Amino acid sequence: MIYTPNQPGAHQIMGVPVTEIAPFIHWSFFFRAWNLSGKYDGIEAVCDCASCQTSWMQRFSPVELEEAEEAVKLYKDAQEMLRRFRDENLISLNVSFGFYKAHSEEDDIVIQGDEGLVRIPTLRQQQPSRDGYCYALSDFIHPQEDYIGVFANTVAGGEDIAAQYEAKDDLYTSILIKVLCDRLAEATAEWLHYKVRKEYWGYKADEDISIDEMFKVRYQGIRPAIGYPSLPDQSIIFELDPLLKFEETGIMLTENGAMYPTASVCGLYFAHPQSKYFGIGKIDEEQLEDYARRRGRSASELRKWLAANL
């Protein structure tokens, strides 16, 4: 089945309020960034109530209690910083996305952009999935006319604020801001994907799941990010610039394909109901040569981009 976007070819760049994104923050990853690995479900309900907090603390063993108390402090400080982000306009959350006609040519994805064709060679996983098949992202695009989405989002301003606190030797607040901005970037990607499924692309307009279910990927479609296991070649990001207009979105690309601000996410949208996340694994020299040929580059040049997969 082909899922035609509600607005095919429409590229949009827009800002999103912090209040819209905050509910999509995955707090477990926030705590893990501080080396707190406990489960703190329900923490949002105890921070404004001393008796509720006391009752909540009773679920933890004496060994876990110190980390739980630290988690509460971190959560309270994060909520206060989110309030400042909102009320003082300290940061801006920007998103860029679009939906384009596309088709697959063997292991390549060919996108019909506004400024010409964009070819995305993909790699096939080296160990089969549970169903016994070795997937490539191109498998989730039809060989004839189909559609693909592209996206990028960023948190602008956070690194400047963090640097100001660093200059005052307030490393805790500086790190808090950086970690929170990273979480807001991921939360924005989650929020945007939700809006894509329900509205902007609309291939699953009747979706009715909670945010917790979204965190568990209980929805149709995927959004593999550039540089991640199923799309490991970071240099692919340069091919997406004509589609996403990085500079207009507030994102600068380094010569190594990294995004600045670092609290940024970029990737592709697939609507195919059987699309799934996977890792490529280690490829051999023959596969590297084939990929280099399809990429239009030398194998030696691509070694640095695929070092983790060789």
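Looking only at the range 45-64, which residues are assigned to a helix (DSSP H, G or I) and not hydroxyl-bearing (Ser, Thr, Tyr)?
Those that are assigned to a helix (DSSP H, G or I) and not hydroxyl-bearing (Ser, Thr, Tyr): ALA45, ALA50, CYS52, GLN53, TRP56, MET57, PRO62, VAL63, GLU64.
Of ILE21, ILE13, ILE2, which residue is in a loop (DSSP other than H, G, I, E, B), within 30 Å of ILE111 (Cβ to Cβ) and among the aliphatic types (A, V, I, L, M)?
ILE2
Could you check the range 49-85 and list, in sequence order, the residues that are without any contact (Cβ under 8 Å) to a residue 12 or more places away in the chain and either surrounded by 17 or more Cβ atoms within 10 Å (Cβ to Cβ) or aliphatic (A, V, I, L, M) (or both)? Reasoning before the result, please.
First pass over the range 49-85, keeping only residues without any contact (Cβ under 8 Å) to a residue 12 or more places away in the chain: 49-52, 54-55, 58-59, 61-63, 65-66, 73, 80, 83-84.
If the condition is that a residue be without any contact (Cβ under 8 Å) to a residue 12 or more places away in the chain and either surrounded by 17 or more Cβ atoms within 10 Å (Cβ to Cβ) or aliphatic (A, V, I, L, M) (or both), then ALA50, VAL63, LEU65 are the ones that fit.
Quick one: is ILE91 over 30 Å from SER230 (Cα atoms), modelled with pLDDT of 95 or more, touching a helix residue (DSSP H, G or I) at 6+ places or on another chain (Cβ under 9 Å) and hydrophobic (A, V, I, L, M, F, W, C)?
For ILE91, the condition - over 30 Å from SER230 (Cα atoms), modelled with pLDDT of 95 or more, touching a helix residue (DSSP H, G or I) at 6+ places or on another chain (Cβ under 9 Å) and hydrophobic (A, V, I, L, M, F, W, C) - is met.
Please enumerate the residues belonging to the range 94-151 that are of a type in the set (Phe, Trp, Tyr) and closer than 26 Å to GLU248 by Cβ. Break it down stepwise before answering.
Taking the range 94-151 and keeping what is of a type in the set (Phe, Trp, Tyr), we get 97, 99-100, 133, 135, 140, 147, 151.
Correct list: PHE97, PHE99, TYR100, TYR147, PHE151.
Does GLU255 satisfy the criteria of being assigned to a helix (DSSP H, G or I) and either exposed (fewer than 13 other Cβ atoms within 10 Å of the Cβ) or of a type in the set (Ser, Thr, Tyr) (or both)?
Values: assigned to a helix (DSSP H, G or I): no; either exposed (fewer than 13 other Cβ atoms within 10 Å of the Cβ) or of a type in the set (Ser, Thr, Tyr) (or both): yes.
In short, no.
Which of (1) under 25 Å from ALA185 (Cα atoms); (2) in contact with a Phe, Trp or Tyr (Cβ under 6 Å, 6 or more places away or on another chain); (3) aliphatic (A, V, I, L, M); (4) touching a residue at least 60 places away in the same chain (Cβ under 8 Å) is the odd one out, the single condition ILE111 does not satisfy?
For ILE111, the exception is condition (1).
Is the range 88-95 home to any residue that is of a type outside the set (D, E, K, R), in a strand (DSSP E or B), closer than 23 Å to ILE148 by Cα and within 23 Å of the chain's Cα centre (by Cα)?
Looking for residues that are of a type outside the set (D, E, K, R), in a strand (DSSP E or B), closer than 23 Å to ILE148 by Cα and within 23 Å of the chain's Cα centre (by Cα), one finds at least one in the range 88-95, hence yes.
Every residue in the range 28-48 that is among the charged types (D, E, K, R) and either surrounded by 11 or more Cβ atoms within 10 Å (Cβ to Cβ) or touching a residue at least 40 places away in the same chain (Cβ under 8 Å) (or both), please.
ARG32, LYS39, ASP41, GLU44
For residues that are touching a Gly at 6+ places or on another chain (Cβ under 9 Å) and among the hydrophobic types (A, V, I, L, M, F, W, C), scanning just the range 89-122, find the one that is surrounded by the fewest Cβ atoms within 10 Å (Cβ to Cβ).
LEU90
Go over the candidates ASP206, ASP233 one by one and state the one that is in a loop (DSSP other than H, G, I, E, B), among the acidic types (Asp, Glu) and touching a residue at least 24 places away in the same chain (Cβ under 8 Å).
The conditions single out ASP233.
Quick one: is THR19 of a type in the set (Ser, Thr, Tyr) and under 30 Å from LYS204 (Cα atoms)?
yes
Failed condition for LYS304, given (1) part of a loop (DSSP other than H, G, I, E, B); (2) touching a residue at least 60 places away in the same chain (Cβ under 8 Å); (3) over 22 Å from the mean Cα position of the chain (by Cα), with all others met?
(2)
The values are calculated or read from the model by the stated rules, or taken from the named source; none is laboratory data. Predicted model only: the values in this text are computed from it and were never measured. Reconstructed Cβ throughout: ideal geometry from the backbone, glycine too, with neighbour counts over all protein chains shown.
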